[in-house]
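These notes are about the structure you will find just below.
The values are calculated or read from the model by the stated rules, or taken from the named source; none is laboratory data. Just so it is clear, the structure is predicted and the values come from calculations on it, not from any experiment. Heads up, the Cβs are rebuilt from the backbone with ideal geometry, glycines too, and the neighbour counts pull from every protein chain shown. Areas reflect the complete protein model, heavy atoms only, side chains present, ligands, DNA and RNA absent. Shrake-Rupley method; radii C 1.70, N 1.55, O 1.52, S 1.80 Å.
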Amino acid sequence: MDNQASVAGTGSDQIQHLDMDQILQQAAEHKGCGTSSEGGKASCGSSTAPEDMDPAVWEKVKNHPCYSEEAHHHYARMHVAVAPACNIQCNYCNRKYDCANESRPGVVSEKLTPEQASKKVLAVASTIPQMTVLGIAGPGDPLANPAKTFKTFDLIYNAAPDIKLCLSTNGLSLPDHVETIKKYNVDHVTITINMVDPEIGQHIYPWIFWKNKRVTGIEAARILHERQMLGLEMLTAAGILCKVNSVMIPGINDKHLVEVNKAVKSRGAFLHNIMPLISAPEHGTVFGLNGQRGPTAQELKALQDSCEGEMNMMRHCRQCRADAVGLLGEDRSSEFSTEKVMEMDIQYDAEGRKAYQEKVEVERQATVLAKQAEMADLEAEFSDLKVLIAVATKGHGRVNEHFGHAQEFQIYELSTQGSKFVGHRRVDLYCQGGFGEEDTLPTVIRAINDCVAVFVAKIGGCPKDSLKAAGIDPVDKYAHEFIEQSAVKYFKEYLTKVKSGEIVHAERGDADIRQGAYIAA
Ligand code: CLF
Ligand code: SF4
């Protein structure tokens, strides 16, 4: 492991080489943190707010893994499945499975009572001290189950007030509950808004349940749209941070989502999360059965790029299941089944959690400092070259996963502006104990086919050769180092080689977003 990092002094000619202990020491003292943000995003790892962000908002987002891209490498969330019923029907959802707009379809949730949910939250918080957020996101709609939802929030707030409370809704009942949401200390609300035009909405929502009867067609979409806009306006007025999720459905709302972006931005949404439709026949959804396709990776990125202006775009959503536990890219829910949780003797140690999170902040700060240091001489380069790389990581902002063990790759865009997280690609495990690997490798390559390189902690000879043959550079020399610092280093070398003619840069093609379920755990 290369334990060296360059840290800029007062001028670009004063580059010093410091070892990682010095960086961690600087981070602990909160020295040298650039508090600027990229595109208005919370990019700084310090405990102070970026200059262009209200400190009160910063307090709400700084360790929320969904509201801050940078925080998602370090902090975890959990969902409790206390809300089984729904008051609308989406064509991408089959209620036999988890909510498809906040869940990975195809996995059935264990439904909980508020009391079971509360105990589970304390169990997880005691085991995973970096778990900072509790969300209710299904498997139906939390506000179609208001008694269970708010009872759960109440129990958790009283037992563990340091945990942030979050909910995700389709918005139909939202205006009726904004006061209650505030009363129960829920600081973050997500509304799934897929259209602002009922003509389009009627192709996404076959019906809603409204005032004790089923309403269909364009009238259903009109009511839903009006309630979503009203709910968003009321949340903003109440000072509750609001994120909007939209499902990108090619041929139905893909072009229209630019209008949705403008509409929600003008009503005060803090963050917009455009997610790909996940649609396969085995999910049993209307879209799955009628062959509606999801977007490709480059179609999704182009839409996200086109919406990125003054409004923050979320690109790190994992379309979580309704009982997800852990960092966004991992799922530890099986460690916390109701049976196991009910047997656990839980001592909630708020001080211990706080101390652990302070250590996380030091590590987080170190990743920011290391990237800034590496950027020092890149900004002087003139080039409009942009490339994508894929990274195998278990979290903590490091290249620390083996190629064969990766269930997802994080995607970074590299340019003279530095490195920028632009998404992730779920893949089936390559390493499956000696079988199935020949079948899996082509699907992994298709998932990262738009990347020039893949950073891994380790990789075997066989996949290495196949990646090279596909034009993807397998890079293991940054094993266990910080991702973004390594990415900037790599880009500098890449640029030098292109400029010297050692390599010829060629535009890469598109990549697949996986539609089916996992074939390996
Ligand atoms: Fe859960 Fe949603 Fe809260 Fe996050 S998830 S209720 S805001 S705590 Fe996050 Fe998961 Fe994407 Fe949701 S990655 S599906 S955006
Ligand atoms: Fe399914 Fe969620 Fe839509 Fe309800 S709001 S139909 S649970 S995706």
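Mind checking whether some residue in region 220-228 is in contact with an Asp or Glu (Cβ under 9 Å, 6 or more places away or on another chain), polar (S, T, N, Q) and buried (at least 18 other Cβ atoms within 10 Å of the Cβ)? Within region 220-228 (the criterion being in contact with an Asp or Glu (Cβ under 9 Å, 6 or more places away or on another chain), polar (S, T, N, Q) and buried (at least 18 other Cβ atoms within 10 Å of the Cβ)), the answer is no, since none of the residues qualifies. As a summary of the residue check, Thr113 satisfies the conditions (1) modelled with pLDDT of 90 or more; (2) away from ligand 2 (no atom under 13 Å from the Cβ); (3) in contact with a strand residue (DSSP E or B) (Cβ under 9 Å, 6 or more places away or on another chain) except for the one numbered (3). Residues of region 397-426 that are open to solvent by less than 20 Å² (accessible area, probe 1.4 Å) and acidic (Asp, Glu): Glu408 alone. Go through (1) more than 16 Å from the chain's Cα centre (by Cα); (2) modelled with pLDDT of 95 or more one by one and return the number of the condition Glu282 breaks. Going through the list (1) more than 16 Å from the chain's Cα centre (by Cα); (2) modelled with pLDDT of 95 or more, Glu282 breaks only (2). Residues in region 181-201 include none that are modelled with pLDDT of 95 or more, more than 15 Å from ligand 1 (Cβ to nearest atom) and among the polar types (S, T, N, Q).
Residues checked against (1) in contact with a Lys or Arg (Cβ under 8 Å, 6 or more places away or on another chain); (2) surrounded by 13 or more Cβ atoms within 10 Å (Cβ to Cβ):
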position: Ala469; (1), (2): no, no
position: Asp476; (1), (2): yes, yes
position: Gln485; (1), (2): yes, yes
position: Tyr490; (1), (2): no, yes
position: Tyr494; (1), (2): no, yes
position: Val498; (1), (2): no, yes
position: Arg514; (1), (2): yes, yes
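Just one of the listed residues (Leu378, Leu414, Leu467, Leu388) is at pLDDT below 90 and of a type in the set (A, V, I, L, M), and it is Leu378.
Identification of helices (runs of 4 or more DSSP H) wholly contained in region 251-344 with 2 or more residues that are more than 30 Å from Asn63 (Cβ to Cβ) and open to solvent by 30 Å² or more (accessible area, probe 1.4 Å) yields 257-266, 286-289, 297-307.
Restricting attention to region 111-139, which residues are in a loop (DSSP other than H, G, I, E, B) and open to solvent by 20 Å² or more (accessible area, probe 1.4 Å)? Can you show your working first?
Let us first name the residues in region 111-139 that are in a loop (DSSP other than H, G, I, E, B), namely 111-113, 128-130, 137-138.
Once the filter is applied, which keeps residues that are in a loop (DSSP other than H, G, I, E, B) and open to solvent by 20 Å² or more (accessible area, probe 1.4 Å), region 111-139 yields Lys111, Thr113, Pro129, Gln130.
Quick one: which residue in Ala159, Ala221 is away from ligand 1 (no atom under 14 Å from the Cβ), within 28 Å of Thr285 (Cβ to Cβ) and either of a type outside the set (Val, Ile, Thr) or touching a His at 6+ places or on another chain (Cβ under 6 Å) (or both)? Quick ask: steps written out before the conclusion?
Working: Ala159 fails: within 28 Å of Thr285 (Cβ to Cβ).
Matching residue, one of Ala159, Ala221: Ala221.
Listed here are the strands (runs of 3 or more DSSP E) enclosed by region 179-234 that have at least 2 residues being touching a residue at least 12 places away in the same chain (Cβ under 8 Å): 186-192, 207-210.
From Lys394, Lys359, grab the single residue that is under 19 Å from the mean Cα position of the chain (by Cα) and surrounded by fewer than 19 Cβ atoms within 10 Å (Cβ to Cβ).
On the way: Lys359 fails: under 19 Å from the mean Cα position of the chain (by Cα).
Only one candidate qualifies: Lys394.
Just so you know, in region 74-108 the residues that are at pLDDT 90 or above and hydroxyl-bearing (Ser, Thr, Tyr) include one that is farthest from ligand 1 (Cβ to nearest atom), and it is Tyr92.
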